[in-house]
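As structure tokens, the structure follows; a few thoughts come after it.
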Amino acid sequence: MLSQKMADRINLQINREIYSAYLYLAMAAKMNELGYTGIGKWLTVQYHEEMFHAMKFVGYLQDQSAVVTFARIEAPEFKEKDVKPLFQHVLSHEQAVSASIREIMDLAIAEKDYATQTFVQWYINEQVEEEKSAAEILQSIDLVGNAGQGLFLLNTELGKRDPSVPLDFNKI
């Protein structure tokens, strides 16, 4: 059984994951408006991954007979219209999510909540991949430069991304 403190902290993380999804969906819309439909697709897939992460936490709380609560999701804030600053924002955001996940692990360790430690380890591993992906895209941007041809190639490459999570949340 989860402590109330842990249930509250996981509910906060659910809110943060949904905010992340909302942020990526807003970024995707902006990139699509600017003609970067491949980058828009990459960000839309990222939206689906973040919703998967949120729903995985929801399922965990339900499995633990804890109450799931949903807080208000703030409007996502970003001003970037250029590709490199946008992905710098993505990396920074993912680093903040990683820190938030580590807070859950720290609490689970402090409470000797072994089930949550095991569950959250998946997220820790996932965040390594999330940060790596954003860093690699930034590295690619540095390689191709900010010129049209390079960004065209990057846009095309990122548009090939397929969802790696089930889009049907009933199959979590």
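Bear in mind these aren't lab numbers, they're just calculated from the coordinates by the rules spelled out. The structure displayed is predicted, hence computed values, not measured ones. When we count neighbours, we look across all protein chains shown, and the Cβ atoms used for this are built from the backbone with ideal geometry, even at glycine.
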Subtracting the Cα-Cα distance from 0.36 nm times the residue separation, let me have the gained length for Asp106 to Trp122 in nm, one decimal. 4.3 nm
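So what's the convex hull volume per residue for the Cα atoms of segment 72-172, in Å³?
Here the figure is 139 Å³ per residue.
With respect to the cross-link table entries Lys79/Lys160; Lys56/Lys84; Lys132/Lys160; Lys30/Lys132; Lys112/Lys132; Lys30/Lys160, which display a Cα-Cα separation exceeding 21 Å?
Lys79/Lys160; Lys56/Lys84; Lys30/Lys132; Lys112/Lys132
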Show that you can apply the helix-only estimate: for the chain, add -39,500 (n - 2.57) for every DSSP H stretch of four or more residues, divide by all residues, and state [θ] at 222 nm to the nearest 500. -26000 deg cm²/dmol
Neighbours of Glu17 by Cβ distance under 9 Å: Lys/Arg at +1, Asp/Glu at -1, summed charge +1
Expressed in angstrom and rounded, the centroid-to-centroid distance over alpha carbons for segment 108-161 and segment 8-57 is 13 Å
Based on the alpha-carbon gyration tensor of segment 1-103 and its eigenvalue square roots a ≥ b ≥ c, which shape applies: rounded if a/c is under 1.5, prolate if not and a/b is larger than b/c, or oblate? prolate
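Could you give the Stokes-Einstein D for the chain in µm² per second, using the C-alpha Kirkwood radius, 37 °C, 0.692 mPa s?
Values: Rh = 16.9 Å.
It diffuses with D of about 194 µm²/s by this estimate.
Provide the net charge surrounding Ile109, with neighbours chosen by a C-beta distance below 14 Å and charges set as Lys +1, Arg +1, Asp -1, Glu -1.
0
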Can you check what the net charge comes to around Val144, using other residues whose Cβ is under 15 Å from the Cβ of Val144 (Lys, Arg +1; Asp, Glu -1)? -3
